[in-house]
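Here the structure comes first, spelled out in structure tokens, and everything after it is commentary.
Bear in mind that the values in this text are calculations on the coordinates, not laboratory data. Computed from a predicted structure; not experimentally measured. All Cβ positions, glycine included, derive from the backbone under ideal geometry; neighbour counts span all protein chains shown.
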Amino acid sequence: MIKIAICDDEANIRTYLSSLIGVQSCPCEIVEYASAGDCLADHREIDLLFLDIELAPSGSGLDGMALARKIREQATGTQPVIIFVTGHERYVFDAFDVGAFQYLLKPVDEEKFAQVFSRAVAQIGTAREKPGRVLTLQSANTSKTVPLDSIYYIESSNHKVELHLKDGKFACYAKIGDLELELQDQFFRIHKGYLVNLFYVAGYSKTEVTLTNGERILLSKYKYQDFVKAYLHFLKKGAGL
């Protein structure tokens, strides 16, 4: 069962998103909020939050972006996957600053919604199976432990690997082939130099993979078919909850 919240000050949008969720092949429990204050006041754990960026500030004085920051600052409880719903693309890059999984433009397209919803459910499913998984790497005389869900992708160059993280980069001596074997249930090697976290794949073509942070990574033509199979398997596994 996926616990979903919809926070939007427009009742018709909440109703529409609820109807889209209802036709997905996933058991869900849905709660709706008309304001940031209502959302913050309800302390139930949420797996997935659909949040209006342009949420009208209520008594709490918070719009959607400020609410997302408040949620990310909370040290206890479940951190939900956040999908922003917005009428303007200009907010997109701000959304990634608060660790948003993806965004949907209004009016929300049904096919696009289904794709994004499926990927979000896959992420929630994998996190439940292996909560808090980390990767520990050595750099010089120190070690660094990195949560897997903070890694967008890993890049190999000159016997080093560079982790592209939500909060920056980290380089160390390691073999990308070894990491590929260790992380194969969550990452896929789309090119000899790139190991991508399937959590953050927003889309792909025959030549590149687009991540949820907007970056585009080269996809080898020799890896294309295997990548598609691996990615679809990843989505299917998550949607099977």
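Enumerate the whole-percent occupancy of each 5 Å bin, from 0 to the last occupied one, for all C-alpha pair distances of the chain. Values per bin, smallest distances first: 1, 6, 14, 17, 18, 16, 12, 8, 5, 2, 1, 0.
Net charge in the neighbourhood of residue 221 (other residues with Cβ under 13 Å of its Cβ; Lys, Arg +1, Asp, Glu -1) is +1. On full extension, the segment bounded by residue 108 and residue 226 gains 39.4 nm, given 0.36 nm per residue less the C-alpha separation.
May I ask for the net charge around residue 188, where only other residues with Cβ less than 12 Å from the Cβ of residue 188 are counted and Lys, Arg are +1 while Asp, Glu are -1? So the surrounding residues net to 0.
Within the chain, DSSP assigns beta bridges of which about 60% are antiparallel (rounded to the nearest 5). Ranked by the mean number of other Cβ atoms within 10 Å of their residues, highest first, the peptides 14-24, 28-38 fall in the order 28-38, 14-24.
With neighbours defined as other Cβ atoms within 10 Å of a residue's Cβ, the residues 233, 43 order from fewest to most as 43, 233. Scaling against 2.2 N^0.38 Å puts the C-alpha radius of gyration of region 2-129 at 0.96. For residue 21, the shell of other residues with beta-carbons less than 15 Å away shows a net charge of -3, using +1 for Lys and Arg and -1 for Asp and Glu.
Past 32 Å, Cα to Cα: identify those pairs from 144/206; 3/112; 70/160, in the order given.
Values: 144/206 35 Å; 3/112 21 Å; 70/160 37 Å.
Among 144/206; 3/112; 70/160, the Cα-Cα distance tops 32 Å for 144/206; 70/160.
With a Förster radius of 30 Å applied to the C-beta separation of residue 236 and residue 56, the computed FRET efficiency comes to 0.20.
The angle separating the long axis of helix 110-129 from the principal Cα axis of greatest extent in the chain is about 60 degrees.
Label separation (residue 185 vs residue 133): 0.6 nm, computed from points 7 Å beyond Cα along the C-beta direction. Applied to region 3-15, the Karplus parametrisation 6.51 cos²θ - 1.76 cosθ + 1.60 on θ = phi - 60° returns per-residue 3J(HN,Hα) values of 8, 10, 10, 10, 10, 8, 7, 9, 4, 5, 5, 4, 5 Hz, with x for Gly and Pro. Computed packing ranks the peptides 181-189, 113-121 as 113-121, 181-189, most packed first, by mean other Cβ atoms within 10 Å.
Ratio of region 134-239's C-alpha Rg to 2.2 N^0.38 Å, to two decimals? Write down the numbers at each step before the final one.
Values: Rg = 13.3 Å, N = 106, 2.2 N^0.38 = 12.9 Å.
Ratio of Cα Rg to 2.2 N^0.38 Å: 1.03.
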